[in-house]
Amino acid sequence: MNCQPRIIRMVYKWLFNNQTCLLCDGPARQAYPLCVACEQQLPWLGDHCLRCALPLPMAGMTCGQCSRRPPAFDQVVAPWAFGFPIDTLISRFKHNRQWPMGRLMAEQLGQALLHQFAEGLPRPHLLLPVPLARRRLRERGFNQAAMLARWLSAQLSVRCDERLLTRSRHTPAQQQLDAKARWRNLRQVFCLSGDVRGLHVAIIDDVMTTGATAQAIAQVLRKAGAQRVDVYCLARTPKPGYA
């Protein structure tokens, strides 16, 4: 059963019209629905951990957690810190089915990735969206990570596989749990149904908070023989109290 909405025509309509900024309703005067003023005020991710993209006060550093216990993934790429108004845009995309918001953010993430590929970031062989459990997919009607992966696949010319990675059981929503509970919640949840030996794989998600989901999936991919595992997401959550 395919629960994904048929959204291509609806979302891509804005490419062929005079753009209105999705944040302020003013004229965008750009190829995408975001004016220059609003674009400049987005919470762009500045200095961050070289491994997990956690916001840090200085560039070129690795955070304490990644230094003590290196994660199974190699690098996280995220254009924004999880703050206003990106948090609102993601919520409207994820919970209110406002897919143009997701399309806009995916376009910006894709541009950031293309720039980093040109600067030397290895291009992956495969994009894998974080899967939803069947119960949550029925409730929500779509998987936001799968939609992001499809858009990125077309923009980056990298293959996307929405069926290779699955969840073996339903788990409580991560947003309701603290850091330790998030790690326990994801033990032995993800399964692979294909071969990733020797491949560079990129995990696609909307937000990275503690990194528990990315770590759990990356461990499965590493055990299956993946050569490199990166994470591409829209936003990275700072530590509590980080300005």
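A few comments on the model shown:
- For the stretch 89-101, the criterion of being of a type in the set (Val, Ile, Thr) and closer than 20 Å to residue 201 by Cα is satisfied by no residue at all.
- Cβ-Cβ distances below 6 Å connect the following pairs, each with a first residue in the stretch 193-207 that is modelled with pLDDT of 95 or more and surrounded by 24 or more Cβ atoms within 10 Å (Cβ to Cβ), a second residue that is charged (D, E, K, R) and not in a loop (DSSP other than H, G, I, E, B), and a separation of six or more residues or different chains: 202/230.
- Close pairs (7 angstrom Cβ cut-off, 6 or more residues apart or separate chains): on the phi > 0 side of the Ramachandran plot in the stretch 16-29, modelled with pLDDT of 90 or more anywhere: 29/35
- Cβ-Cβ distances below 7 Å connect the following pairs, each with a first residue in the stretch 127-155 that is within 21 Å of residue 189 (Cα to Cα) and small (Gly, Ala, Ser), a second residue that is modelled with pLDDT under 95 and not in a loop (DSSP other than H, G, I, E, B), and a separation of six or more residues or different chains: 133/167.
- Answer residue from the stretch 144-192, given it is in a strand (DSSP E or B) and exposed (fewer than 15 other Cβ atoms within 10 Å of the Cβ) and is modelled with the highest pLDDT among those: 159
- Residue match in the stretch 23-32 (condition: at pLDDT 90 or above and not in a loop (DSSP other than H, G, I, E, B)): yes
- Complete set of residues in the stretch 210-231 that are small (Gly, Ala, Ser), assigned to a helix (DSSP H, G or I) and touching a strand residue (DSSP E or B) at 6+ places or on another chain (Cβ under 8 Å): 214, 216, 218
- Per the listing 154, 149, 72, the residue uniquely out of contact with any Leu (no Cβ under 7 Å at 6 or more places or on another chain), within 14 Å of residue 203 (Cα to Cα) and among the small types (Gly, Ala, Ser) is 72.
- With respect to the conditions (1) in a loop (DSSP other than H, G, I, E, B); (2) under 16 Å from residue 39 (Cα atoms); (3) in contact with an Asp or Glu (Cβ under 7 Å, 6 or more places away or on another chain), residue 73 lacks only one, and its number is (2).
- Of all residues in the stretch 33-70 being in contact with a Lys or Arg (Cβ under 8 Å, 6 or more places away or on another chain) and assigned to a helix (DSSP H, G or I), the one that is nearest to residue 121 (Cα to Cα): 66
- Residue within the stretch 110-127 that is among the polar types (S, T, N, Q), modelled with pLDDT of 95 or more, more than 23 Å from residue 227 (Cβ to Cβ) and surrounded by fewer than 18 Cβ atoms within 10 Å (Cβ to Cβ) present: yes
The values are calculated or read from the model by the stated rules, or taken from the named source; none is laboratory data. The structure presented is a predicted model; accordingly, all values stated were derived computationally and were not measured. We place every Cβ from the backbone using ideal geometry, glycine too, and count neighbours over all the protein chains shown.
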